[in-house]
Amino acid sequence: MEQLASYVAGGWVEGTGKKATLVNATTEAPMAEASSEGVDFGAAYAHARDVGGPALRAMTFKERGARLRAFSKLLHASRDELMGLGIANAGNTRSDAKFDVDGAAMTLAAYADVADELGETHLLVDGEPINLGRSSKLTGQHVWLPLQGVAVHVNAFNFPAWGLAEKAAVALLAGVPVISKPATSTALMAHRIMRLAVEQDILPRGALAFVAGGTGDLLSRLGGQDVLAFTGSGSTGALFRGLANVGSQSVRVNVEADSLNAAILGPDAEPGSETFDLFVKDVARDVTQKAGQKCTAIRRVFVPTSRLEAVREALVDRLTSAKVGDPSRDDVQVGPVATKKQQEDVLAGIQRFAAAGAKIVVGGGLPAEPLGVEKGRGFFVAPTLLECASLSAVPLVHEHEVFGPCTTLLPYDDTASMIAAVRAGGGGLVSSAYSDDKAFVRELFLGVASALGRLVLGNEKIAAGAIPPGTVMASLVHGGPGRAGGGEELGGLRGLSLYLQRTALQGYGPLVASLVADGKKIG
Ligand code: NAP
């Protein structure tokens, strides 16, 4: 069986001791083993900081961008092989796996474009010089320089390619070396990406390391020049925030966690209108795509009571016609969830909602006969639609995220109560509103935006070319307050700030000007 090794301190290290087994999510056949036991995390950290860091900082933004572009091309050239691993190990349909791999390549390319804009410089100059006295003799100037530590990236199981690439692209462009750790259960694709990057010599020595398995004592080594960026459950995020060195040494921590994303249909959107259809399409896609395992997937569907029946009917139609089964088949739209544990958690979550009073409209358990799958095999969950009698009938739906092919209908009668219920989710990554009524959209925007990282507005003007709310864009920030972790990633140039220190340079004007003369002015 394939043994997944870690790539640290410039070499591949196979772990010892008890290993985790990675399986095929459809057949449950073992595919690989991983363990990081025996990895010298002290040497891994030191190599990244002392070899990778200086190498990256010696390069200009443009030069770092050229490496990101080469990385992007490498993923594109290897996409069929990588997608095959996503289909087998993570239960992705071909389209799900494409979403992950192409998303990774596009994000790397987007940051290569940002690098081209920044050009041949090592320094970012933030805004204009500020006169501190009556003349320009005394000046203040804000500048950004890379931290001289290491970025540790701990990723979730659902996007092994994109998760690695979207975090690494930003840190590497900033000039900070990365130690990347995928979730173990679906690590095959990320491991292959790392193998390819090493074989093709894509990055300078020490710039990107990879951990297959647990993080050992790595996190306790982090200090004030390091960054810990995490995607996963809120409880692991809280654990990381509570690490003694994280608190005492002000380690920068970015958390992307759970999110009870909402889709809101405006009272004006008539069944049959383009806006209504866009809403139904987005909700149904988020139940079926990646078997609902997207951090951005719509979990709560807010619908005017007068439209409830029409929406229910349209969603039932779409969800019952989505074919569940072996994700390698072209006629299948919904694959299994990634692991047995994930399947158990999703089924238990649905039952908790039902026990608390939510009605199961469709699904709710195992699918009858997943296409092309041996009976009893695979981590399948039927696409599930639940419905609550009112916004407040089942408080649990505003508190608990079922991370699978499941969403809940919530009828509303007035905008203010609906806004309060959206906010009851405790902070989200993204929500979407579907309406052509400007006054309604304005009230909703002002009411919910501060509880969200992104608000997507769907209407008839953009229905034809709309980008779904579940698609994270490299040019827009990804993250959200509260339950969503309080983090912020991507957003073009904005994302770099996690890995850069902003310093106010203060002194004799001409001296300050000469020090920043070859910097790139931003902001
Ligand atoms: P999880 O248990 O928190 O695991 C996430 C990552 O953290 C994995 O790489 C895991 O490694 C690692 N990890 C867990 N405990 C650790 C510890 N004590 N020390 C070091 N590393 C540790 O999350 P999950 O349940 O697999 O993921 C699902 C959750 O992620 C969902 O709730 C979903 O909402 C959230 N999510 C959020 C986003 C976002 O962008 N906001 C994206 C995707 C998923 P191992 O695999 O080796 O255990």
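The values are calculated or read from the model by the stated rules, or taken from the named source; none is laboratory data. Quick caveat: nothing in here was measured; it's all calculated off a predicted structure. Ideal geometry is used to build each Cβ from the backbone, glycine not excepted, and the neighbour counts take in all protein chains shown. All accessible areas refer to the heavy atoms of the entire protein, side chains included, with ligands and DNA or RNA removed. Shrake-Rupley method; radii C 1.70, N 1.55, O 1.52, S 1.80 Å.
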### Message
Counting just the Cα atoms, what span does the range 380-512 cover along each of its three principal axes? Round to the nearest Å and put the largest first.
### Response
68, 36, 29
### Proximal aspartates and glutamates relative to Lys98, as straight alpha-carbon distance under 17 Å, when same-chain residues fewer than 8 apart are discounted
Asp80, Glu81, Glu166, Asp286, Asp326, Asp330, Asp331
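Take every Cα-Cα pair in the range 136-273 and report what % of them are more than 20 Å apart. Mind dumping the intermediate values first?
Values: 5152 of 9453 pairs.
That tail contains 55 percent of the Cα-Cα pairs.
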### the range 261-484: antiparallel DSSP beta bridges as a percent of all, rounded to 5
10
### Query
Past the 19 Å Cα-Cα mark, which pairs from Lys181/Lys290; Lys137/Lys520; Lys281/Lys461; Lys281/Lys323?
Lys181/Lys290; Lys137/Lys520
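For the ranges 501-512, 320-331, what's the packing order if you count other beta-carbon atoms within 10 Å of each residue, average per peptide, and put the highest first?
Numbers: 501-512: 13.2, 320-331: 17.0.
So the order, starting with the most tightly packed, is 320-331, 501-512.
Which value, in Å², gives the accessible area per residue of the range 261-484 when a 1.4 Å probe is used on the protein heavy atoms? Each step should come with its number before you reach the end.
Values: 8880 Å² over 224 residues.
With the other protein chains kept in place, the range 261-484 gives 40 Å² per residue.
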### Task
Go ahead and run the numbers for FRET between Ala354 and Lys375, Cβ-Cβ distance against an R0 of 25 Å, rounding to 0.05.
0.45
## Note on the structure
Using the Cα gyration tensor of the range 205-286, the equivalent ellipsoid's semi-axes, largest first and to the nearest Å, work out to 42, 15, 11
### Message
Going by Cα centres, the range 330-372 and the range 243-281 are how many Å apart?
### Response
21
### Message
Just to confirm a number: summing +1 for Lys and Arg and -1 for Asp and Glu over residues other than Ala424 whose beta-carbon lies under 12 angstrom from that of Ala424, what do you get?
### Response
+2
### Query
Nearest 20 debye, what's the magnitude of the dipole of the range 261-484 about its Cα centre given +1 on Lys and Arg Cβ and -1 on Asp and Glu Cβ?
740
### Query
Say each of Ser136 and Lys521 gets a label point 7 Å from the Cα, pointing the same way as Cα to Cβ; how far apart are those two points in nm?
1.1
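Taking every DSSP beta bridge that has both residues in the chain, what percent is antiparallel when rounded to the nearest 5?
Numbers: 27 of 73 bridges.
That works out to approximately 35 percent antiparallel.
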### Task
Take the solvent-accessible surface of the protein heavy atoms, probe 1.4 Å, and return the percent of it on the chain that carbon and sulfur atoms account for.
52
### Query
What ranking do 456-468, 473-485, 399-411 get when scored by the average of other Cβ atoms within 10 Å per residue, highest first?
399-411, 473-485, 456-468
### Taking the C-alpha atoms of the range 462-523, convex hull volume expressed per residue in Å³
141
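Tell me, in nm to one decimal, what length is gained between Glu460 and Ala513 on full extension, where the rule is 0.36 nm per residue of separation less the Cα-Cα distance? Mind dumping the intermediate values first?
Details: separation 53, 0.36 × 53 = 19.08 nm, distance 5.06 nm.
Going from the current span to full extension adds 14.0 nm.
Rounded, prolate or oblate for the chain? Axes are the square roots of the Cα gyration tensor eigenvalues, ordered a ≥ b ≥ c, and the cut-off for rounded is a/c under 1.5. Display every interim value, and only then the final one.
Numbers: a/c = 2.03, a/b = 1.30, b/c = 1.56.
Oblate, since a/c reaches 1.5 and b/c is not below a/b.
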### Query
Near Lys19, which aspartates and glutamates are there with a Cα under 13 Å away, not counting those fewer than 8 places off in the same chain?
Glu2, Glu33, Glu37
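Write down the percent of antiparallel bridges among all DSSP beta bridges whose residues are both part of the range 121-223, to the nearest 5. The partial results should precede the final answer.
Values: 5 of 12 bridges.
Close to 40 percent.
Please give me the summed charge of the neighbours of Ala238: other residues whose Cβ is under 12 Å from its Cβ, Lys and Arg +1, Asp and Glu -1. Don't jump to the answer; show the numbers that get you there.
Details: positive: Arg241, Arg483; negative: Asp258.
Local net charge: +1.
Mind ordering 38-50, 143-155 by average Cβ neighbours within 10 Å, highest first? Please report the intermediate quantities before stating the final value.
Details: 38-50: 19.4, 143-155: 22.9.
Ranked from most to least packed, the peptides come out as 143-155, 38-50.
Classify the range 261-484 as rounded, prolate or oblate from the Cα gyration tensor: take a ≥ b ≥ c as the square roots of its eigenvalues, call it rounded if a/c is under 1.5, otherwise prolate when a/b beats b/c and oblate if not. Please list the in-between numbers first.
On the way: a/c = 1.59, a/b = 1.49, b/c = 1.07.
Prolate shape, in that a/c is at least 1.5 and a/b is the bigger ratio.
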### Query
Going by a ≥ b ≥ c, the root eigenvalues of the Cα gyration tensor, does the range 1-89 fall in the rounded group (a/c under 1.5), the prolate group (a/b larger than b/c) or the oblate group?
oblate
### Message
Just to verify a number: FRET efficiency for Ile467 and Ser328, C-beta to C-beta distance, R0 = 25 Å, to 0.05?
### Response
0.35
### Task
Describe numerically, in nm with one decimal, the distance between label points set 7 Å from Cα along Cα→Cβ at Lys18 and at Glu199.
3.4
### Task
Treating the angle as unsigned and between 0 and 90°, give the value, to the nearest 10°, between the Cα long axis of helix 438-448 and the longest Cα principal axis of the chain.
60
### Task
Assuming R0 = 51 Å, can you tell me the calculated FRET efficiency for the pair Thr503 and Ser95, based on Cβ-Cβ distance, to the nearest 0.05?
0.65
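Give me the number: length gained by fully extending Glu63 to Leu145, i.e. 0.36 nm times residue separation minus the C-alpha to C-alpha distance, one decimal in nm.
Values: separation 82, 0.36 × 82 = 29.52 nm, distance 1.60 nm.
In short, 27.9 nm is gained.
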### Task
Could you work out how far apart the two model spin labels at Thr236 and Ala389 are, taking each label as a point 7 Å from the Cα in the direction of the beta carbon, and quote it in nm?
3.9
### Query
On full extension of the chain, what length is gained from Ala416 through Glu309, given 0.36 nm per residue of separation minus the C-alpha to C-alpha distance?
36.3 nm
